Amino acid sequence: MPETVRGPVADLGATLMHEHVFGLSPEILWNWPDIPEGWDEEARTREAAAKLEALRAEGVDTIVDLTVVGLGRYVPAVQRVAELTSVNIVAATGLYTYDALPPYFANRGPGSLFGGPDRLAEFFVRDIAEGIGRTGVKAAMLKCATDRAGMTPGCERVFRAVAEAHLRTGAPITTHSHSGTRGGLAQQRLLASLGVDLTRVVIGHAGDSTDVAYLEELVAGGSYLGMDRFGIDTISPFEDRVAVVAEMCARGHAGRMVLGHDSYCFNDRFDAEVVRRRHPDYHLLHVSRDVLPELRRRGVTEEQIHQMLVDNPRRVFA
């Protein structure tokens, strides 16, 4: 059974596969606690739970929280949210960087200043097998990232550690990819070379692309496509995002797509008012209220929507 923050569940139900509960900047919060975006844990957890309950009222049962090290993962606060909402929250492990590793890892491991073993995979496996920190919450998904700079040495170390942890635990993998440079293909090549079954991989942010040939190449490799940034219209507008999903469904690929927003209940890295003004649809309810009705209008069937929201997530975590 898939692990969630509250423990294993028999069925995830309708699932948004790329979201975040909290994105935090610990060193900022430790040293300048009076910033306007300040961290009142009880208030923020109640706000997050209310947002998730509103999502539950729209028929969504589960979110996959892809906040890992590098994005301010703080599982004790997410546990408190899970106590206050009926929505399942799936936790993740991994490390988020587009370039170099954080100094803790950059100064340890093969090729580093001080050498020694690479402990990344060890930490990832511990999060999955034993639990994150002292919370007892077991991660159920692995995350790694590349962006415009491509597969830098730091990113490659993370991918290799994620692949090792996947092979040792069976946990599926999701990525952050840069569609403009067709970056998902390099991710697939490396993961496949490391023995990863690409049918257990979600290429995240594939929905940023309007290049259907690129998307079909990713599907041919076996991976799922993360159509998971609905609401971030500055990267790709609503019209393009829904058109691409509808076209891929028409081509028979509904069984290889998952949906989401890449949104946060609270994120101190962006000015909330600026985000609301520039991205008014960047919130957890956009898929349910706007995207699904538009997909139906474009001919996407209820069976295909069920595949993307229920069946495909279930298979990813099987």
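The values are calculated or read from the model by the stated rules, or taken from the named source; none is laboratory data. Please read these numbers as outputs of a predicted model, since none were measured by experiment. Cβ: placed from backbone, ideal geometry, glycine included. Neighbour counts: every protein chain shown. When the accessible area is computed, the model is the full protein with side chains, heavy atoms only, and any ligands, DNA or RNA have been set aside. Shrake-Rupley method; radii C 1.70, N 1.55, O 1.52, S 1.80 Å.
Odds and ends about this structure:
Yes/no per residue for (1) in contact (Cβ under 8 Å) with a residue 40 or more places away in the chain; (2) open to solvent by 50 Å² or more (accessible area, probe 1.4 Å); (3) over 15 Å from His18 (Cβ atoms); (4) within 18 Å of the chain's Cα centre (by Cα):
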| residue | (1), (2), (3), (4) |
| --- | --- |
| Pro237 | no, yes, yes, no |
| Ala243 | yes, no, yes, no |
| Ala246 | yes, no, yes, no |
| Ala272 | yes, yes, yes, no |
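- Scanning the range 274-293 for residues that are open to solvent by less than 40 Å² (accessible area, probe 1.4 Å) and over 24 Å from Val202 (Cα atoms) gives Val275, His279.
- Some residue of the range 184-191 being surrounded by fewer than 17 Cβ atoms within 10 Å (Cβ to Cβ), at pLDDT 95 or above, out of contact with any Asp or Glu (no Cβ under 7 Å at 6 or more places or on another chain) and within 16 Å of Val162 (Cβ to Cβ): yes
- Test for Phe114: is it open to solvent by less than 20 Å² (accessible area, probe 1.4 Å) and of a type in the set (Phe, Trp, Tyr): no
- Where strands (runs of 3 or more DSSP E) fall wholly inside the range 186-264, the ranges with 3 or more residues that are more than 22 Å from Glu156 (Cα to Cα) and not polar (S, T, N, Q) are 257-259.
- Test: residue in the range 43-51 that is surrounded by fewer than 19 Cβ atoms within 10 Å (Cβ to Cβ) and under 20 Å from Val69 (Cα atoms): no
- Leading residue by the ranking (surrounded by the most Cβ atoms within 10 Å (Cβ to Cβ)) among those in the range 2-35 that are in contact with a strand residue (DSSP E or B) (Cβ under 7 Å, 6 or more places away or on another chain) and β-branched (Val, Ile, Thr): Val21
- Criterion: among the basic types (Lys, Arg), at pLDDT 95 or above and buried (at least 18 other Cβ atoms within 10 Å of the Cβ) - qualifying residue of Arg148, Arg157, Arg168, Arg134: Arg157
- Of the residues making up the range 285-318, just one is touching a His at 6+ places or on another chain (Cβ under 8 Å) and touching a residue at least 60 places away in the same chain (Cβ under 8 Å), namely Val287.
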